[in-house]
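J.: Below you'll find the structure I mean.
The values are calculated or read from the model by the stated rules, or taken from the named source; none is laboratory data. The model shown is predicted, which means the values in this text are computed figures rather than measured ones. Cβ placement follows ideal geometry from the backbone for every residue including glycine, while neighbour counts extend to all protein chains displayed. All accessible areas refer to the heavy atoms of the entire protein, side chains included, with ligands and DNA or RNA removed. Shrake-Rupley method; radii C 1.70, N 1.55, O 1.52, S 1.80 Å.
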Amino acid sequence: LPLYAPAETATAAARQAATPTDVSYGNALRLVGFEIAPAQARPGEPLSLAFFWQPQGDGRPDLYANVRLRNGEGKTVARDEFWPAPNSSTSVWDSDTTYVTRRALPLPPDLKPGAYRVEVSLRLGQLGEAVPALDTAGEEIGTWFRLATLQVN
């Protein structure tokens, strides 16, 4: 048996059920879809997230992910940092496969009702520099990509 479980891969049905997106991080890894549940969150309850990644090209670096929840004033109110596949490196992912990262983002119990932005970024390794996010035309759109707006009740 392997020492670590393999990275989770997406079935065609799971990928189709996800909210589609198409943002590339440094032409190394594309975010092709995501899931956020529940659609209307409550303070103190976790937010379930799934990210659907598709590797690009050869010679990819090992990438580290960040997700944050920001209020209308731009203040980060919740954050999570993680390896997209805790038991393997994005540098060895197969380009013909879509991988899934599942996370739970705890929401603060004192979170005020309102609209919050869910954003994601990648960087080179755990302590490295941010990798620029690119749109479908290959134009840089910053380092953080807005996935969705979440309503907190």
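J.: Within the set of pairs 6+ apart or on separate chains, which have a first residue in segment 88-103 that is farther than 9 Å from Pro55 by Cα, a second that is at pLDDT below 95 and of a type outside the set (Lys, Arg), and C-beta atoms under 6 Å apart?
T.: Ser88/Ala7; Ser89/Asp62; Val100/Glu8; Val100/Ala10; Thr101/Pro84
J.: Also, quick follow-up: Within segment 38-64, which residues are over 24 Å from Asn87 (Cβ atoms) and in a strand (DSSP E or B)?
T.: Across segment 38-64, the qualifying residues are Gln40, Ala41.
J.: Here is a follow-up. Of the residues Ala148, Ala115, which is over 29 Å from Ala13 (Cα atoms) and outside any loop (DSSP other than H, G, I, E, B)?
T.: Ala115
J.: Further, regarding this structure: Tally the residues that are assigned to a loop (DSSP other than H, G, I, E, B) and either under 14 Å from Tyr99 (Cα atoms) or open to solvent by 70 Å² or more (accessible area, probe 1.4 Å) (or both), restricting the search to segment 1-37.
T.: 13
J.: Just to be sure I understand the filter: pairs with C-beta atoms under 9 Å, separated by 6 or more residues or on different chains, first member in segment 41-56 and in contact (Cβ under 8 Å) with a residue 60 or more places away in the chain and among the charged types (D, E, K, R), second member open to solvent by less than 40 Å² (accessible area, probe 1.4 Å) and not in a strand (DSSP E or B). Which pairs pass?
T.: Arg42/Leu107; Arg42/Leu111; Glu45/Leu107
J.: If you don't mind, there's one more thing I want to ask. Out of all the residues in segment 13-62, which are of a type in the set (Ser, Thr, Tyr) and over 15 Å from Leu122 (Cα atoms)?
T.: Scanning segment 13-62 gives Thr19, Thr21, Ser48.
J.: Looking only at segment 77-91, how many residues end up being farther than 19 Å from Ala18 by Cβ and surrounded by 12 or more Cβ atoms within 10 Å (Cβ to Cβ)?
T.: Going through segment 77-91 one residue at a time, the tally reaches 9.
J.: Tell me, yes or no, whether segment 90-98 has at least one residue that is part of a strand (DSSP E or B) and of a type in the set (A, V, I, L, M).
T.: no
J.: Assess whether Gly44 counts as being at positive phi and surrounded by 16 or more Cβ atoms within 10 Å (Cβ to Cβ).
T.: no
J.: A further question follows. In the set Asp135, Asp94, Asp110, which member is closer than 19 Å to Arg68 by Cβ and either modelled with pLDDT under 95 or open to solvent by 60 Å² or more (accessible area, probe 1.4 Å) (or both)?
T.: Step by step, each of Asp135, Asp94, Asp110 is checked, and only Asp110 is closer than 19 Å to Arg68 by Cβ and either modelled with pLDDT under 95 or open to solvent by 60 Å² or more (accessible area, probe 1.4 Å) (or both).
J.: Just to be sure before I move on: is Val67 open to solvent by 30 Å² or more (accessible area, probe 1.4 Å), assigned to a strand (DSSP E or B), of a type in the set (A, V, I, L, M, F, W, C) and in contact with a Lys or Arg (Cβ under 9 Å, 6 or more places away or on another chain) in the structure I sent?
T.: no
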